[in-house]
Structures are given as structure tokens and as C-alpha cells.
């Protein structure tokens, strides 16, 4: 068959009526009437994307925050084994009983961990009278004994954060099961319902609501109704009113000096155009109600109410120790904080403030401004103690205690918090 004189591209395909009808409707009919239907000439223009430019990708990966999740894998195993050892009598566990605690498969991961870190774990016994057991080394046990002191320093911080958590909810109460769901992220002890709540009856009470035990706020304190964002702006000396557009323009990184602005931290590959920056500036200048006001008094479709949702998510993450939370944990607070149904889309839209990573066993949401690369800027006493223990493994700790002490954000959030009057 001679080659046609017009620029067609040969595409091999099966003889099907649907494809022929599709092609006959959009190409020259004479070009399709060939005796051999094993091949058809199709215009190159038809198989292209129509000349449209591909949609710009705005959500890039933050490799530093992805790395944070990778760096947490070994410390989490170390701390898990430490808690298992300390939960047993004489602070030791027989190696043969380890499988009962963690299962057959996970047992071998812990056995490798014990062998890899002899500075933390000591294996003894092995004789006829004493079966092999694992316990903490003398140095690890000494550092572990300092945990009650760190917990004591954490107590006023926990009380303050729990009060703020309840103050943001629509009815000033949260089901206990949901508080327990994020208890590890807040730094709460496992028995906080028995050890912490009864100790502060002027602030908390447990009440039954519709068959569910709920943690209820007893006393409202307007001095606590200040967000971490507002504290940062006050520290930076930002004026209480928006400057005129002529005086201050939004920068290419999305940051703006105003009382209603959020700190932006886009990924390295993101290059916003002028229209994006203009829209972002209007959003940064938009005032919005405090996340500590009752959300039922605002219309969900109001742009100010939508910006308030961002403030609620920002404040929730700020109350956690490591300024991050699993997306499923955030999603659990829909009814208490009247969050939007499409919460994931909200987080993705504001990717300069939040970052979602799929590293690890579950999806995790980070508060970007809380991190400098892979380092958490501000650390609470409990995290400092954990870092000191994990440092025995010989690995480099993610955050330096010296950095924490010198950080203005750290001193504002934690150093002063240990002297709070509760």
C-alpha cells in the first residue's frame, strides 16, 4: 500500500466498529477506506493533548519532613521495648516471654534491636537456674529514672493544653475516647483519667453524655484563649491592624506582616505566579473569628469561617508535643470542632501551612512552621528526656537541647509553661 502524501501516523489496532465510527467522525473518510483494516492512518493532531499545557503541580514533597518519619522508626522501637521491660517485675523480661508481648514476627525485630544496642539493653542469665532475660543497662536505667521529673515538669503544660483543647470545642467537652486517641501526641500519661483529671477538679470533670464518658471543662479562662499564632505575632511585634497595600506587599514566599496572617513555608520546587500571590494576599489580610469562639455562631460558607477552620487545625497541631498528628486523629474531631467534611482538601489547599506525608504506618499531618529542616524548633521536657535516652544508642538526636534552650519559641511555649499557675 503506497504511503499517503499527507502527514499521517500509522497506528496498529484491532478491527472494531466502535473505533472505526470514532475515527470516521473526526477524520477524512477517504483516508480510512482501505481494503486492509489491519492498519489505519490517524492524524498526529488527533492523538496529541490538543495543545493544552499540563496542569501545574502545586503540592510537592518535603523531603525533610518525610525524613523525620523515617528517623522515628528506630527510636519508637527502642522506647517500646523500654516500656515493656519497665512494666515487668524487677524491670526485666525473659526472652522467651517477649513473643507473648509483641508477637512472633515482631519478636525478631526486637531481638535484633537488643543485639544492636548493648549500651541500652543488657542480656543476662542463660544458665540452668536463670533463663536468658533482657533488662536496661545501668546507664540507661539511670536516665530512665529521670522520667518522673520530666513528667512533673510536663504536668502544668498538659493541664493548660487540655483546657485549651476543651475551650475550642463547640460544647466545651470532648469524649474521653478521643482524648485517649491523641494522648500520646499530647504527652498524657496512660492513666491520666485517674492521675490527672481528679487532681484538677476546678478545671475538669468526667460526665456521661448520650452514653459516652466526656471530659468537660469546668472553668473558662479568657487568658488561655490566645492561639500560638497570636503569641508568635506578638513576639515579632506585628501591629494589631492591617497595613495598607502600598506599605506592605506579600513576598514571593507567601509571607505577609499582618495580624491575620499565617506563616507560610512552601516546598523548594513551588514557584507561585502573580495571580496566586494576589489571591493569597487577600486571604492573609482577611480577618476571621478566634478558634476559641463557638463555631455554631458562624455560617460555614462564609470565607471568614473557612479561614477559622485553618486556625483551628493550626492550634490543634500546636498543642501536640511534636506538632504533628495522624490525619485519622484530626478527622476524629469533626463533630467537636465542626470541621469541614473535605478536611484533606483543606489541608492540601493550604500546603504552605500544613504538610501531609504518607511515610510510616499512617498518613501524618505536620505543622510546617514548627520545623527547621528535620529539627523540631521547640521541645517540651518530656521530649528532651526521650532524646537523652535515645542518644544512648549512639545515633544523632534530631534536636539539640542547646538549640531548644536558646530558641525564643521554645522558651515561650515550654520554659515559661513549667511555672504556670494551675
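The values are calculated or read from the model by the stated rules, or taken from the named source; none is laboratory data. What you see is a predicted model; the values in this text were computed from it and never measured. Note that each Cβ is placed from the backbone with ideal geometry, even for glycine, and that neighbours are counted across all protein chains shown.
Worth pointing out:
- Selection from the stretch 346-397 of residues that are in a strand (DSSP E or B) and either touching a helix residue (DSSP H, G or I) at 6+ places or on another chain (Cβ under 6 Å) or surrounded by fewer than 21 Cβ atoms within 10 Å (Cβ to Cβ) (or both): 354, 355, 356, 357, 365, 366, 367, 372, 375
- Within the set 139, 178, the sole residue that is within 30 Å of residue 292 (Cβ to Cβ) and modelled with pLDDT of 95 or more turns out to be 178.
- Of all residues making up the stretch 190-217, the number that are assigned to a loop (DSSP other than H, G, I, E, B) and touching a helix residue (DSSP H, G or I) at 6+ places or on another chain (Cβ under 9 Å): 4
- Test: residue 312 is on the phi < 0 side of the Ramachandran plot, assigned to a helix (DSSP H, G or I) and modelled with pLDDT of 95 or more: yes
- Output for the stretch 170-185, where each listed residue is surrounded by 16 or more Cβ atoms within 10 Å (Cβ to Cβ) and not in a strand (DSSP E or B): 172, 176, 178, 179, 181, 182, 183, 185
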